[in-house]
Amino acid sequence: MNILSTHILYYQELSDFDVKGDDIPADLVVKPYKEKICHDSKFWDIILHEKVPVVTSLIAVMGLPNCGKTKVLESVLKQKIELKDGAELGIHYYLNRKRDENCLSIYDLCALGSSQHNKYAWSFATNRHGAIYSILCRLICLTPCVADIEFEVTNQAPKSVMDRHVRWLMRKTKSLLQNIKDEPGKLALIQDGVSLINVIDVGVNKALYEFLSIMLLSCHRHIRLAFFSLNRDAPNLQERPDLPSDCYGKRKDDVLVMQHRSRLTYLLHFATVGYTQQQWHGEEVQNATVMIATTTDSTNDSSSDQAKDKIIQEAQSRGVDQFLKKWLQVDVNASHSVAEFRKKIEDLVEHKYKQRMMWFPLKWIVLRSLVVSLDSRGMNVMILPRSFIIHKAKELKMTEKEVDEFLKAFTDFGSILYMPQYDDIKDIVIVNIWEFTQYLNKLYYPQEGEPYAPNLLKYGIVSESFVKRIFCKHPESAEDFLTILTTIAMASKIKSGLFILINNQKQNNEVHYYLLLARIHAEYTPSEEENDYAFIEIKSVNFPANVQAGISNAIMDNNDDAVLIATEYSNVS
């Protein structure tokens, strides 16, 4: 017999607690966090032993010239990052901080939150605020009642550079916590975790393209956004890219850059750059590319589909169609289209984040914030020896193995660049990638009037003494900079100018460098009668850095009697 058929049940509106007036949550006593966070013990202990949930990523924004990618990127950032009305620095300051439309622009982003609550707050980051947010994340997890957190700042003199840095972080952490303690939403997001995201916007630059093809091989946590224009590029995919002389003529890029291959080949190159052929079949690698078609009007779907079909067909013939799984379209002049595009990219990135969360030792993030903040002659340091970083890491109780793990982790998303696979540069760490590319730009695009400019622009030849003049603000980095270029086949080192002939004249008896990409003369097409040329044709869309430099370097290195005869044509050595 069903008991409910003989008994009428009622819901009890008043509980025993209500009758007695008890309210356990309200009456419960929670003792305050009495331990003060002092510099010498508790704060250092947190840094040395705690870990934080971190997601890292490098987003490489690349594409064909004048496709509108920069306009779309900056529109997305303006829509996504909201600053308070009273903010001391406006959004344009952060957008322009590391911006160079003729070279590389870098946007350092820090997203608070995680997939746990499916909510993120995006902001710009600085050299050290990623560390501050990470420290706050761990502090709030350890002591959720932030009002009880007390800091005790010492007046004793710092014992070292690292000690001074940790004290600075403690003061800033205290100040920031004081400012946000009444913003529960922000505190909850910080407690969830931190995402460190570097966005790079690749401008038209003959030296930068070669450097990035090598750099991205080491940055394993990168996503590639490959842009092209439905209006400009889609009808002309088999033609060479069009670089208007009014924009690119001053630097001769209109006759030199992207003139060896079709727009379609360059587009497929951007879709696959940063991976070797052996890695192409990994699911993570294939899902790291997004093909993006831009338009300046309401282009119909049929033209978009036609362009997509042509690109996929060519990709299949090249064996790289597995990269072309994700396609988006955006009208660069329509804010609603940019907003839809932003949401799709955000969903894509956040989906990948769910698979990419790691626990970073807090001391790694503190070490990174130190090495990217060191100053030399009023400028941030650009290159540091690995041995120097190991020495500084000892104060954080890190072993040499841990330092190597740290270097790899922060190289993976382009925060720093360490390439130990090359023996000649395994003790060299680029800690300021943007500054490095600025010097690439200065070297390969010399200013008119510089004494070394004529030979460099005409023949690609420059003496070591002239190169070091360019590095007047970073003289300690000049040698390492040049070693990197020769190692990754962007330059050829010639032990003496006596082995170089310019107009049948030997050069000075000092080290010289052969920078083939610096030459501004157009290509040479030999006649059918000429038979003293060796032709090299590279069919892969994943073409390597400058082949001429690599071959020249090998010949000069292995033949004591070899002589370089200067030539003007950009495709001849």
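FYI, it's all coordinate maths here, none of it is from the lab. Since the model is a prediction, treat every value here as computed from it, not as a measurement. FYI the Cβ positions are ideal-geometry reconstructions off the backbone, even for glycines, and counts take in every protein chain you see.
Laid out as a table, the results:
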item: Neighbour-limited loop hits for trypsin sites (Lys or Arg not before Pro), the range 212-253 (at most 16 other Cβ within 10 Å; DSSP other than H, G, I, E, B); result: Lys250
item: Efficiency of FRET between Lys458 and Ser175 - r from beta-carbon atoms, R0 51 angstrom, step 0.05; result: 0.40
item: Debye, to nearest 20: dipole size of the range 149-222, +1 on Lys, Arg Cβ, -1 on Asp, Glu Cβ; result: 260
item: Length added when fully stretched, Asn236-Ser496, from 0.36 nm per residue minus Cα-Cα; result: 89.0 nm
item: Whole-percent pair-distance distribution, where bins are 5 Å wide, for the alpha carbons of the range 394-455; result: 4, 15, 17, 18, 14, 10, 9, 6, 4, 3, 0
item: Order by protection proxy (mean Cβ within 10 Å, highest first), peptides 82-89, 507-514; result: 507-514, 82-89
item: Rg to Rh, two decimals, where the range 351-495 supplies the alpha carbon set and Rh follows Kirkwood; result: 1.03
item: Kirkwood hydrodynamic radius (C-alpha pairs) into Stokes-Einstein, the range 447-573, 10 °C and 1.306 mPa s, D in µm²/s; result: 102
item: Relative packing of 235-246, 124-135, which averages over residues the other C-beta atoms within 10 Å, highest first; result: 124-135, 235-246
item: Given Lys84/Lys172; Lys426/Lys493; Lys51/Lys98; Lys78/Lys308; Lys468/Lys493; Lys51/Lys401, the pairs whose alpha carbons are separated by over 23 Å; result: Lys51/Lys98; Lys78/Lys308
